[in-house]
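Read the structure below first, then the notes.
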Amino acid sequence: RRPPRSTPKPSSAASDVYKRQVSTQSTWDFRDMSDKVVPELVKKKEARDAELKKKSDEEKIKKKADRKAKLAECIKRGEKWYKADLAEKKALIENKRQAKKAGNYYVPAEAKVAFVVRIKGINTLHPKPRKVLSLLRLRQLHNGVFVRLNKATIQMLRLVEPYVTYGYPSKETISKLIYKRGFIKENGARIPIQSNDQIEKGLGKFGIVCVEDLIHEITEVGPHFKEANNFLWAFKLNPPKGGFNCKRHAFIQGGDWGNREEYINELVNNMLQPLKIQITHLELSLIHI
């Protein structure tokens, strides 16, 4: 067996030369490389990047200014609708006072819009009311929709009256529904309302550019009520707090189905509240088992 080959140690003279070379390499001055010529492609790229950055900054500033102007316009529109609603309420009170002073009764105008909520499922449901419920977009339990009241829609509500409850919502109730449970249709998908840009994109061609415009259009049953209502997805509500009284009987008989006029506001308020599940000690023990 041969012994391992030993590497010869460098002589002291060679090591001194090597150290001298390393020391000279480490003391190179890189400042002289600044005079190097920059390639033409690099110059073009730097100029292009600077131009794109400038355009991007200008677009950001413009978008910010547009957003600020749109917000100011939406606030103005909201104030306008609020003042109009306040003036209408004052006029109603004044008319009632004048009628009472003259010994008469003031009869307000009939409601133009109703909010319909489905309260029964599909078991033992006749095909005709099932079709009407489908036309009203009430395909699930506790779904709610706005309906313009005319001869045709009143006849449809008569057909499905034992399966729904409806009434005449106030502007506050309509506002709560849209702000709390408002969803829109976008490419067949159910999208929550998160900004006025979504409203402007879908209904801007009808002059509806913000949520306040949408609420006003639904409340007053404007000329584009159909488009605004179809733009909204059917409202998905919770079961009412405290439950229903009796679904087998009409509202005027102490039950739930049918027309409840202004009392729909109280029901919608109860159905908008989040569910609070109460678990008893017995159920808790069964869960642990």
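The values are calculated or read from the model by the stated rules, or taken from the named source; none is laboratory data. All values derive from a computational prediction rather than experimental measurement. Here the Cβ is made from the backbone with ideal geometry for all residues, glycine too, and neighbour counts use every protein chain on show. Just the protein is used for accessible areas: all its heavy atoms, side chains included, with ligands, DNA and RNA removed. Shrake-Rupley method; radii C 1.70, N 1.55, O 1.52, S 1.80 Å.
Laid out as a table, the results:
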item	result
Residues satisfying the stated conditions in the stretch 255-271, i.e. open to solvent by less than 40 Å² (accessible area, probe 1.4 Å) and either part of a loop (DSSP other than H, G, I, E, B) or among the hydrophobic types (A, V, I, L, M, F, W, C) (or both)	Gly255, Asp256, Arg260, Ile264, Leu267, Val268, Met271
All positions within the stretch 55-94 that are open to solvent by less than 80 Å² (accessible area, probe 1.4 Å) and touching a helix residue (DSSP H, G or I) at 6+ places or on another chain (Cβ under 9 Å)	Cys74, Arg77, Gly78, Trp81, Ala84, Asp85
Residue list for the stretch 194-212, restricted to those being in contact with a Cys (Cβ under 9 Å, 6 or more places away or on another chain) and either closer than 13 Å to Glu73 by Cα or part of a loop (DSSP other than H, G, I, E, B) (or both)	Asn196, Glu200, Val209, Cys210, Val211, Glu212
Hey, Lys176 in a helix (DSSP H, G or I) and either in contact (Cβ under 8 Å) with a residue 40 or more places away in the chain or touching a strand residue (DSSP E or B) at 6+ places or on another chain (Cβ under 9 Å) (or both) or not	yes
Given (1) open to solvent by 80 Å² or more (accessible area, probe 1.4 Å); (2) in a strand (DSSP E or B); (3) hydrophobic (A, V, I, L, M, F, W, C), number of the condition Leu141 does not satisfy	(2)
Selection status of Ile277, at pLDDT below 55, more than 15 Å from Arg118 (Cα to Cα), open to solvent by 80 Å² or more (accessible area, probe 1.4 Å) and under 35 Å from the mean Cα position of the chain (by Cα)	yes
Residue within the stretch 242-254 that is among the aromatic types (Phe, Trp, Tyr), at pLDDT 85 or above, crowded, with 17+ Cβ neighbours inside 10 Å and in contact with an Asp or Glu (Cβ under 7 Å, 6 or more places away or on another chain) present	no
Number of positions in the stretch 153-181 that are open to solvent by less than 60 Å² (accessible area, probe 1.4 Å) and more than 26 Å from Glu88 (Cα to Cα)	10
Any hit, the stretch 185-193, residues being more than 29 Å from Leu71 (Cβ to Cβ), open to solvent by 50 Å² or more (accessible area, probe 1.4 Å), part of a loop (DSSP other than H, G, I, E, B) and not hydrophobic (A, V, I, L, M, F, W, C)	yes
Residues within the stretch 221-241 that are open to solvent by 60 Å² or more (accessible area, probe 1.4 Å) and within 22 Å of the chain's Cα centre (by Cα), tallied	5
Index of the failed condition, Ala111 passing every other in (1) without any contact (Cβ under 8 Å) to a residue 12 or more places away in the chain; (2) assigned to a loop (DSSP other than H, G, I, E, B); (3) open to solvent by less than 90 Å² (accessible area, probe 1.4 Å); (4) not acidic (Asp, Glu)	(1)
Filtered residues of the stretch 225-252 (kept if in a helix (DSSP H, G or I) and either basic (Lys, Arg) or in contact with a Pro (Cβ under 9 Å, 6 or more places away or on another chain) (or both))	Lys226
Test: residue in the stretch 129-138 that is open to solvent by 90 Å² or more (accessible area, probe 1.4 Å), over 15 Å from Lys236 (Cα atoms) and either part of a loop (DSSP other than H, G, I, E, B) or in contact with a strand residue (DSSP E or B) (Cβ under 8 Å, 6 or more places away or on another chain) (or both)	no
